[in-house]
1. One residue is enough: does region 177-184 have a residue meeting the conditions out of contact with any Gly (no Cβ under 6 Å at 6 or more places or on another chain), within 16 Å of the ligand (Cβ to nearest atom), under 24 Å from ARG61 (Cβ atoms) and of a type in the set (Val, Ile, Thr)?
2. Residues in region 203-224: is at least one surrounded by fewer than 18 Cβ atoms within 10 Å (Cβ to Cβ), free of Cβ contacts under 8 Å to residues at least 12 places away in the same chain, acidic (Asp, Glu) and over 16 Å from ALA15 (Cβ atoms)?
3. What number goes with the only condition from (1) farther than 18 Å from ALA28 by Cα; (2) within 7 Å of the ligand (Cβ to nearest atom); (3) not small (Gly, Ala, Ser) that GLU203 does not pass?
4. Does GLY31 qualify as being on the phi > 0 side of the Ramachandran plot and within 11 Å of the ligand (Cβ to nearest atom)?
5. Considering each of ILE17, ILE9 in turn, give the residue that is at pLDDT 90 or above, β-branched (Val, Ile, Thr) and within 21 Å of LEU206 (Cβ to Cβ).
6. Being in the same structural domain as GLY14 (by TED's automatic domain parsing), away from the ligand (no atom under 16 Å from the Cβ) and in a loop (DSSP other than H, G, I, E, B) is true for just one of ARG83, ARG99, ARG133. Which residue is that?
7. So which of GLY140, GLY157, GLY175, GLY152 is surrounded by fewer than 18 Cβ atoms within 10 Å (Cβ to Cβ), under 16 Å from the mean Cα position of the chain (by Cα) and on the phi > 0 side of the Ramachandran plot?
Amino acid sequence: MPPPERLRIVVLTGAGISAESGVPTFRAEDGLWEGHRVEDVATPEGFECDPDTVQRFYDDRRAHLATVVPNPAHLALAALEERHDVLVVTQNVDDLHERAGSRNLVHMHGELLRAWCQACDGRFGWDGDLLARPACPGCGEAALRPDVVWFGEYPYGLDRIDDALRRADLFVSIGTSGAVYPAAGFVRSAHDHGTRTLELNLEPSLGTALFDEARHGPAGAVVPAWVD
Ligand code: BJW
């Protein structure tokens, strides 16, 4: 028997992949935006206007992250890296892909466990409360903010992602509503490069018609079934 083909796969993940770990999604009725105006907690203007509220929003999520663990969908993607050339592009700011064992990973919307100093541009690992530690460990200025990408800001790793999409044999989108660009546009880029596309989501996303194939159900079931 010939060895199984080694494919170049780009996997885009969103909040839905971490839902079964107990991390709330954004746009569900009981989601993260519930009780918050998006403009207040996920824009640079909201932070400028009321930094304490925004730091508290992220401190609470950081504390909750310490109580959750990767689920079978994260673990299946990590196992996929052993058989194929996989780039996981996550919109999530949690660290569940890393904890599951994924190595080839881009956090395009940043990371909860990192802080960015707006005075010296330094970036730091952070596992405490930003609100309680306002001074930058690099320059001492009180200019730390969560190292996450808010609306109107430029996502991380776009050149690397674009390059991977150009070369990919397969693009898979998991657990994302397709409401936020540029991530929501990756399926069209992949399609334009002749790459096969697959959606794995609880329900049809906004972009579901753009995919060659879609399988709907909880990520903890559909992702391991697809990887196997
Ligand atoms: C399950 C499940 C289970 C549940 N199993 N599934 C047109 C083109 C380009 C840009 C724009 C445009 N129009 C407007 C823009 C600007 C804007 C934008 O997209 N606005 C939209 C509202 C239209 N975009 C930006 O500002 C971005 N920057 C930018 O565009 O820079 C300029 C640029 C231009 C062109 C090219 C390149 C650059 C930045 C966007 C930053 C988003 N930031 C956030 C917050 C991050 C920090 C934090 O976490 O607090 O990122 S917003 C939030 O949404 C977060 C998420 O990563 C992101 C996506 O959400 P996601 O993951 O899809 O979650 P949900 O809740 O929406 O969906 C969950 C899905 O899972 C659902 O479908 C469920 O059914 C499913 N699900 N349980 C499987 N068990």
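The values are calculated or read from the model by the stated rules, or taken from the named source; none is laboratory data. None of the values given here were measured: they were computed from a predicted structure. Note: ideal-geometry Cβ built from the backbone for every residue, glycine included; neighbour counts use all protein chains shown.
1. At the first step, the residues of region 177-184 found to be out of contact with any Gly (no Cβ under 6 Å at 6 or more places or on another chain) are 177, 179-183.
Next, only the ones that are within 16 Å of the ligand (Cβ to nearest atom) stay: 177, 179-183.
Of the ones still in play, those that are also under 24 Å from ARG61 (Cβ atoms) are 177, 179-183.
Applying the additional criterion that residues be of a type in the set (Val, Ile, Thr) yields 180.
Yes, because at least one residue in region 177-184 is out of contact with any Gly (no Cβ under 6 Å at 6 or more places or on another chain), within 16 Å of the ligand (Cβ to nearest atom), under 24 Å from ARG61 (Cβ atoms) and of a type in the set (Val, Ile, Thr).
2. No, because not a single residue in region 203-224 is surrounded by fewer than 18 Cβ atoms within 10 Å (Cβ to Cβ), free of Cβ contacts under 8 Å to residues at least 12 places away in the same chain, acidic (Asp, Glu) and over 16 Å from ALA15 (Cβ atoms).
3. For GLU203, the exception is condition (1).
4. So GLY31 fails the test.
5. After ruling out the rest, the residue left standing is ILE17.
6. Working: ARG99 fails: in a loop (DSSP other than H, G, I, E, B); ARG133 fails: in the same structural domain as GLY14 (by TED's automatic domain parsing).
Unique residue meeting the criteria: ARG83.
7. None of the other options fit; the residue is GLY157.
One line per residue, one yes/no per condition, for (1) without any contact (Cβ under 8 Å) to a residue 60 or more places away in the chain; (2) assigned by TED's automatic domain parsing to the domain that holds ARG166; (3) crowded, with 20+ Cβ neighbours inside 10 Å; (4) of a type outside the set (Phe, Trp, Tyr):
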site	(1), (2), (3), (4)
ASP59	no, no, no, yes
HIS74	yes, yes, yes, yes
ALA79	no, yes, no, yes
LEU87	no, yes, yes, yes
